[in-house]
Amino acid sequence: EYMMAFDFNKAINRFGTDSVRWDQHNPDVIPLSVADMDFAAAPCIVEALKKRIDHQVYGYTHAPEDLRDSIVSYLRKFYDWQIEPEWIVFVPSLVSSLYSITSNVTDPKAHILTLQPVYHHILNAAKNSGRNYSEIPLSNINQRLVLNSQSIGNFAQSNSELLLFCNPHNPGGTVYTHNELSSIAHICEQKNLIICSDEIHCGMVYEGKKHIPIASISNEAADRTITLMSMNKTFNIPGTGLAWLVCKNQKLRQKASMGLGTLIPDPQVFTYTTAQAAINQGEPWRKALMSYLSDNRDLLRATIEDFGVIDLYQMEASYLGWLSCEQLQIDDPSQLFLDNGVALQPGSMFNKMDHVRINIATPKITLLEALKRMKKAIS
């Protein structure tokens, strides 16, 4: 019903727009690497930006009065998560918050736990913190990557203070179940770990799955969790997007906010505009998007199965597919695909050389051509 209103098949030329993804390679390569989408932003966002631009004054800007309340309603409506407006802190970038939080909330002599594989900025936040850290290998259960609570116990040290978590998981695409989150929250309580949960893909969960914020599991979990969220991924506005953290525990919230307005800039005018439009009016577009991505995911799945030598992990959320190329037995599968005209995110970015990540948020015609080239590459 929603599909008619928005055209995701429309190919928009991104050359000449300084696109990180499209400028990385020569023009005859299809880049399905960096995680942004090739789709136009939702019309409600474009309209809101135009309106704001037409005002012609772009001065110092504070958060709109009702934005916190909008987020509170949004989280309650979509994730059954009841929070208070004062738990929300606006930040200019989810990525920079990963880095600042890692050092702000832990002692310099602390030990940090992170995941393997995981989004490179989560890994680098641990790496660059000056703290010791361990990467907990995720368990692979029927091509579904999960953090096993027992593994947390095995890797936790007496001075471990923080778990860097990611749900829905990037690159794996896992959406954690209530039981899985409960056992993770429970072991973090036992080991007295703060949880920093990157939940940026929570708006991109496929039918049949439900996103549950780990902080919503219990009061105990809420007290030790900093949740990072943004509309940037879901609505394809990373270039002008706002992020925020949600933290119930006031002491922890203050620590997590250190550096805001000094080393970390305050959010800028257009980021408030886009976030507000996405939250208040974006739902029809988001539904249409997920329907389109669902078709692309089915196409990817069927094609990869047809290849016979590559395994796709279960994509329960997002437009990022995590592919195991172990059976190809080559050092760098991303190079093989690049030589055949498709740029994928190399597994080395996630410390998994024999894997690649594919971005399917592109018109079907582009995806079909890329998959054709991938087939040629492995034959």
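The values are calculated or read from the model by the stated rules, or taken from the named source; none is laboratory data. Quantities reported herein were computed from a predicted structural model and do not represent experimental measurements. Note: ideal-geometry Cβ built from the backbone for every residue, glycine included; neighbour counts use all protein chains shown. Quick note on the areas: whole protein, heavy atoms, side chains included, nothing else; ligands and nucleic acids left out. Shrake-Rupley method; radii C 1.70, N 1.55, O 1.52, S 1.80 Å.
Assorted remarks:
- Accessible surface, per residue, of segment 5-112 when the full set of protein chains is kept, probe 1.4 Å, Å²: 55
- Antiparallel content of DSSP bridges confined to the chain, in %, to 5: 50
- For LYS364, the aspartates and glutamates whose Cα comes closer than 13 Å to its Cα, not counting residues fewer than 8 places off in the same chain, are ASP7, ASP38, ASP295, ASP298.
- Kirkwood hydrodynamic radius (C-alpha pairs) into Stokes-Einstein, segment 1-142, 25 °C and 0.890 mPa s, D in µm²/s: 123
- Expressed as a whole percent, the accessible surface of segment 257-379 that belongs to carbon and sulfur atoms is 50, based on a 1.4 Å probe.
- The chain - Debye-derived log10 I(q)/I(0), Cα point model, q = 0.14 Å⁻¹: -1.28
- A simple rule links phi to the HN-Hα coupling: the Karplus curve 6.51 cos²θ - 1.76 cosθ + 1.60 with θ = phi - 60°, which for segment 16-29 gives x, 10, 6, 6, 4, 5, 7, 8, 6, 10, 6, x, 8, 9 Hz, with x for Gly and Pro.
- Considering every alpha-carbon pair of segment 218-344, the percent of pairs per 10 Å bin, from zero through the bin containing the longest distance, is 10, 25, 26, 25, 14, 1.
- Packing-based ranking of 127-139, 171-183, 195-207 yields 195-207, 171-183, 127-139, ordered from highest to lowest mean Cβ neighbour count within 10 Å.
- Within-10-Å neighbourhood charge of TRP87 [Cβ basis; K, R +1; D, E -1]: +1
- Value at 222 nm in deg cm²/dmol, rounded to 500, when DSSP H runs of n ≥ 4 in the chain each add -39,500 (n - 2.57): -11000 deg cm²/dmol
- Shown for segment 17-82: the carbon plus sulfur share of the solvent-accessible area, taken with all protein chains present and a 1.4 angstrom probe, equals 54%.
- Measuring between their Cα centroids, segment 126-154 and segment 262-299 lie 29 Å from each other.
- Relative contact order %, segment 305-352, counting alpha carbon pairs below 8 Å whose residues are six or more apart: 24
- Reference-scaled alpha-carbon Rg (2.2 N^0.38 Å with N residues) for segment 165-244: 1.12
- Put LYS77, LYS233 in order of accessible area, highest first, and with a 1.4 Å probe you get LYS77, LYS233.
- Here the ratio of the Cα radius of gyration of segment 203-284 to 2.2 N^0.38 Å is 1.25.
- Mean accessible surface per residue for segment 271-379, computed with a 1.4 Å probe while every protein chain stays in place, in Å²: 38
- In plain terms, the chain from LYS50 to ASN280 could stretch by 81.1 nm, reckoned as 0.36 nm per residue minus the Cα-Cα distance.
- Zone residues, segment 351-377, relative to LEU299, backbone N less than 14 Å from point 7 Å out along Cα-to-Cβ: 359-374
- Packing-based ranking of 55-65, 222-232 yields 222-232, 55-65, ordered from highest to lowest mean Cβ neighbour count within 10 Å.
- Segment 279-318 residues near the modelled LYS376 label - backbone nitrogen below 20 Å, point 7 Å along Cα→Cβ: 300, 303-310
- Over all other residues within a Cβ to Cβ distance under 15 Å of ASP331, the charged ones net out to -3, with Lys and Arg as +1 and Asp and Glu as -1.
- Ignoring lysines fewer than eight residues from LYS255 along the same chain, the ones with Cα atoms less than 22 angstrom from its Cα are LYS109, LYS127, LYS191.
- Taking N as its residue count, the alpha carbon Rg of segment 62-116 over 2.2 N^0.38 Å: 1.48
- Counting only protein heavy atoms and a probe of 1.4 Å, the accessible surface of segment 100-150 is 43% carbon and sulfur.
- Segment 125-212 - accessible surface per residue (Å², probe 1.4 Å): 39
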